[in-house]
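No value in this document is a laboratory result; all are computed from the given coordinates. It should be emphasised that the depicted structure is a prediction, and the values quoted were computed from it without experimental measurement. We place every Cβ from the backbone using ideal geometry, glycine too, and count neighbours over all the protein chains shown.
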Amino acid sequence: MIELQNKRIKIFIIFLFSIFILLILMLIYRMLFVSNKLTTTMANQQLGVVKTVYPRGIFLDRNGIKITGNVKSVDNINYIDYIDPSVAKNIIGDVKIDNKDTTTNAVKGVSGLNKVYNDILSQSQYPFYIMGIRDARSNILSSGNAFIKSVSDPADTQITLTINSNLQSEAEKLLQKYVDEKGYKNIALVLSDVKTGEVLVLASKGSYLNSAVISYQPGSVFKIITAGCALEAGLIKLDSTFNCTGKVTLDGNEKTVCKNGGHGKITLPQAFAVSCNSTFYAINKMLNITDKNGNITGNMALNKMAELNIGTYNNPIKNSFILNYDYSYDFVTDKIYNQKGTFNAALGQGDIQLMPITVNKIISAIANNGIIKEPVLVKEINIMGLKQNIQQNEDQEKTIFSEKTCKDLQVLLRQVCVSGTASGAKTVNKYAAGKTGTAENVDNKSCHGWFTGYFPYDNPKYAMTVLVEEGKSSYNAVKIYNDMLDIILKYDKDIN
Ligand SMILES: [Zn+2]
């Protein structure tokens, strides 16, 4: 038995030795006969830069999926791309690359989070070059991988966003499809977590600007504020009724505000659901504050905006939202002078402009029974292994309206999706509560379409807002909202 084993081992050793000898012979052959041939070929080739890589800290989504720092391929050479994001280009922002600069200043974040966090992202890293052999026609001959791993790997500096990159990617595809097919000028979509304010999707397609953080007239979306203020002040109740003749008189001029001779006798939930302009003009008149001569000196809905730090018209407050683009402002006039001004404010027209992210914050607070969560985009910053949690300042928590008012508003918002202006969209009808808005645009251009709401309506988890710039009708925003809601349901099985 032992003898047989020894024999097997001997055979195995001889076998290994033969392979070794064979390899040595092959190597000698290559050195003696092939190397001359290779050298000749090399003479006709040159070493060239395939790609200049600018190492930089990277962005991750909320689940740790890389948004920047992904492996890309140029001429079959794989490298890590620290600059171009896989999604959310207009959150990550742009960098400016100075090719002549060989210091850490070669790359500078000039917009978005690249600008906000440039100091963190650009620490102690120098550009480096991936070299390749090119033939006479400058085609790349060699191929392989060029990864960077040094003592201070730039990828060890990470900014973890609140964004869900899967949903962000789906939203970007969806918006692009609508831009391509319908020719909308711009579409913005904001999705956030109602309980935390964390922004899960901030998508914008149509122009290079991020329209989720540009202000637009909110149109009838503003009726949420008008109704909320009047409910809070006890001026109206859920069972209040109004009489809509379809016409109002503004500073002596008669104006048709609802079609087909008006809505007639209408309850508050019905008026909100069909967005009755005459009812909301009547409500906003109640919110005007007048002096003893009857002159309008203020308005409770506008005061509410000021209280919430949502910018006044003459002195717009730059939004504290982390992106901090130079163009990110809300505008809300602080005064109403006459009936026309009262009418316009009730309908979110005239001197009122809100960013989709602000509208989303408002609807989210109502879903959250009044508690305002400021939108956040960054979850954690990790600088070379040192973690910093980004936390909201809890003791600065504000409320938009009382819990009672929010519960009443939730009834009104649900009615919009059950029997009102958004009820035609199947998934919205089943799951959401929200408000449509069609906002007049300047210079007689097409109206902007809005839909803002939350879902599931009976246990709010998400707040979502869609704006379609020059989208003609709010229903076009509802359709996009409905499509995105279908997508979210596929990802979040808890909702069904
Ligand atoms: Zn009406």
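Overview of results
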item	result
On Cα atoms only, tilt of 474-491 relative to the major axis of the chain in degrees	40
Cα-based helix-to-principal-axis angle, 277-287 vs the chain, degrees rounded to 10	80
Helical mean residue ellipticity (222 nm; -39500 (n - 2.57) per DSSP H run of 4+; nearest 500) of the chain	-10000 deg cm²/dmol
Environment charge of residue 109, counting only residues whose C-beta is closer than 11 Å and scoring Lys/Arg +1, Asp/Glu -1	+2
Summed side-chain charge close to residue 118 - residues other than residue 118 whose Cβ falls under 13 Å, Lys, Arg +1, Asp, Glu -1	+2
Positive minus negative residues near residue 313 (Lys, Arg vs Asp, Glu; Cβ under 12 Å)	-2
Cα centroid separation, the range 84-101 to the range 283-339 (Å)	36
Between 0 and 90°, nearest 10: helix 403-418 axis offset from the chain longest Cα axis	80
Highest to lowest packing among 416-426, 464-474, 242-252, scored as the average C-beta count within 10 Å	464-474, 416-426, 242-252
Across 205/387; 255/285; 72/96; 51/108; 66/398; 361/404, pairs whose alpha-carbon gap is larger than 28 Å	205/387; 66/398
Chymotrypsin sites (Phe, Trp or Tyr not before Pro) restricted to DSSP loop in the range 332-405 with at most 14 other C-beta within 10 Å	337
Loop-located trypsin sites (Lys or Arg not before Pro) in the range 255-306, at most 13 other Cβ atoms within 10 Å (DSSP)	259, 292
Nearby aspartates and glutamates by direct alpha-carbon distance to residue 426 (threshold 16 angstrom, same-chain neighbours under 8 apart not counted)	483, 486
For the range 274-428, projected area of the alpha-carbon convex hull averaged over all directions, nm²	12.7
J(HN,Hα) series, the range 356-362, from Karplus relation 6.51 cos²θ - 1.76 cosθ + 1.60, nearest Hz, glycine and proline x	x, 5, 6, 4, 5, 4, 5
Contact order normalised by residue count of the chain, Cα under 8 Å, 6+ apart, percent	15
Filtered chymotrypsin sites (Phe, Trp or Tyr not before Pro), the range 83-130: DSSP coil and at most 13 other beta carbons within 10 Å	none
